[in-house]
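What follows is calculated from the coordinates using simple rules that are stated; it is not laboratory data. Just so you know, these numbers come straight off a predicted model, no measurement behind them. As a convention, Cβ positions derive from the backbone with ideal geometry for all residues, glycine included, and neighbour counts pool all protein chains shown.
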Amino acid sequence: MGKVVVLVLSIVICLATQQAMAKEKHIKYTEKDLLRKSIVYDKNTPDVFYCPVNKPTGMDKMIVRSRPLHKLCEHEGKPLPAHYKSDCYNDVDESNYACKEKYRIMMRLNPPGSDAPFNGQRLSRFMDMDDDMKRVKSKKH
């Protein structure tokens, strides 16, 4: 009788653990996530990126404008000047995510070993910060 109770308890614990892990895998998008991930790059138009003009209500209902690629993360995470006029809604083009995207795009356009490799020393700190965040999150769980 005792073995049966232990077996049932262990099965219940396993099922509860699997259910909790399944809830963690489900991603809920908040307004902030939608906004920061609204930078779009199309490899068919390599000189421009697209960002929202107005507050996005959904990925399928977003009005975007094209901007030159050099305008993406042009201040490299530093505070914006007082006279700065935003290119995109809510300065999404100057966010940390935008700088990570620019680094990723530039490394894709000019990979190491190509004729003109991208020297991303100034932007690489954003990728390092992303790795640090992943480590911190994995330690919490």
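Taking other residues whose beta carbon is less than 10 angstrom from the beta carbon of E94, and scoring Lys, Arg as +1 and Asp, Glu as -1, yields -3. The modelled label-to-label distance for the pair D47/I13, using points 7 Å beyond Cα in the direction of Cβ, is 6.4 nm.
Gyration tensor over the Cα atoms of the stretch 45-110: the corresponding equivalent ellipsoid has semi-axes (square roots of 5 times the eigenvalues, largest first) of 18, 17, 10 Å.
Compared with the direct C-alpha span, the chain from D60 to D115 gains 16.0 nm at full extension, assuming 0.36 nm per residue. Backbone geometry of the stretch 70-87 corresponds, through the Karplus equation with coefficients 6.51, -1.76 and 1.60 at θ = phi - 60°, to 3J(HN,Hα) couplings of 5, 7, 6, 6, 6, 9, 6, x, 7, x, 6, x, 5, 8, 5, 9, 5, 7 Hz, x marking Gly and Pro.
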